[in-house]
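Worksheet: the structure to be examined is printed underneath.
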Amino acid sequence: MSRLSKRFADLAASGKKALVPYMTAGDPSPRITVSLMHAMVEAGSDIIEIGVPFSDPMADGPVIQQACERALIHNVSLSDVLEMVALFRETNQDTPVVLMGYLNPVEVMGYATFAKRAAAAGVDGVLTVDLPPEEAEELIVAFEQNSLEPIFLVSPESTVERFKRITEYSRGFLYYVSLKGVTGVKSIDTEAVSNKLDELRGFTDLPICVGFGIKDAETAAIISKIADGVVVGSAVVRRIADNQHDESRILTEVKDFLAGLRRSIDEN
């Protein structure tokens, strides 16, 4: 059983939902990333989603775009990100780690090389934002050969046929985008999300995590009632940005914020 499957199985057995925070590797500097990953776990996070810095993060709003810019000042590369995951794995073998990013750095490294190195570093799943499943066969084969799980986004506008296609290729969990547009904007229509998740569950037994637009404990609690996991990105990255010149403050702010989300999710 993979780390992702075991984590979701354990959560389901205990009647809990997954808290999945996002951070951009190397933001605001490479030296804090591994410490921040551990702080997230200490705060009650179940899965960590690590963004690979990219110069043109088209699916992301300004908060995460600026995080990529801060990381790229330090020339943080895909290889650097894999080294960070490997360092995290030296003391944490249990918490699943999912990389989220864009196809170009993976293509530059090469599919087979990337898959082998990611698996060796301790990566569990990969979400490549700009790679549709119809064009992902070669990468998926490389993932399968290295026990990596491909994760795909499902949008509010996806058709039934699209649902079927995405669930056919997905492993680990499905990432449902709660709203149209880029990360970090607008408010969630929870009734619409609930209806879409019910529809999705007609095609898959995979856990479904919901992200985009989850900004506070109240929203996280509401989404946790209808989803298997709650992904929180821009709200975390914003706290990193607000304290970027005080790394100890970053750790405290992010840890306190996530601990509050954990309590709210568990209470609901």
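The values are calculated or read from the model by the stated rules, or taken from the named source; none is laboratory data. What you see is a predicted model; the values in this text were computed from it and never measured. No Cβ is skipped: glycine too gets one built from the backbone with ideal geometry, and neighbour counts run over all protein chains shown.
Observations on the structure shown:
- Subset of the stretch 62-107 (residues that are touching a residue at least 40 places away in the same chain (Cβ under 8 Å), out of contact with any strand residue (DSSP E or B) (no Cβ under 8 Å at 6 or more places or on another chain), part of a loop (DSSP other than H, G, I, E, B) and surrounded by fewer than 20 Cβ atoms within 10 Å (Cβ to Cβ)): His74, Thr91, Asn92, Asp94
- Boolean, Ser234 is surrounded by 22 or more Cβ atoms within 10 Å (Cβ to Cβ), at pLDDT 90 or above, of a type in the set (Ser, Thr, Tyr) and in contact with a helix residue (DSSP H, G or I) (Cβ under 9 Å, 6 or more places away or on another chain): yes
To keep it simple, each residue is scored yes or no on (1) of a type outside the set (Phe, Trp, Tyr); (2) more than 21 Å from Ala120 (Cβ to Cβ); (3) part of a helix (DSSP H, G or I).
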| residue | (1), (2), (3) |
| --- | --- |
| Leu131 | yes, yes, no |
| Glu138 | yes, no, yes |
| Val141 | yes, no, yes |
| Ser158 | yes, yes, no |
| Glu161 | yes, yes, yes |
| Lys164 | yes, yes, yes |
| Glu168 | yes, yes, yes |
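- Selected residue (criterion: modelled with the lowest pLDDT) from residues of the stretch 205-224 that are outside any helix (DSSP H, G or I) and of a type in the set (A, V, I, L, M): Ile214
- Residues located in the stretch 1-48, provided they are among the β-branched types (Val, Ile, Thr) and in contact with a Gly (Cβ under 9 Å, 6 or more places away or on another chain): Val20, Thr24, Ile32, Thr33, Ile47
- The listed residue being hydrophobic (A, V, I, L, M, F, W, C), at pLDDT 95 or above, buried (at least 16 other Cβ atoms within 10 Å of the Cβ) and part of a loop (DSSP other than H, G, I, E, B), out of Ala227, Ala241: Ala227
- The residue that is farthest from the chain's Cα centre (by Cα), counting only those in the stretch 18-45 that are under 17 Å from Ala235 (Cβ atoms) and in a loop (DSSP other than H, G, I, E, B), is Pro28.
- Between Ser147, Ser187, the distinction of being small (Gly, Ala, Ser), assigned to a loop (DSSP other than H, G, I, E, B) and at pLDDT 95 or above belongs to Ser147 only.
- The set of residues from the stretch 132-151 being buried (at least 16 other Cβ atoms within 10 Å of the Cβ) and touching a residue at least 60 places away in the same chain (Cβ under 8 Å) comprises just one member, Glu149.
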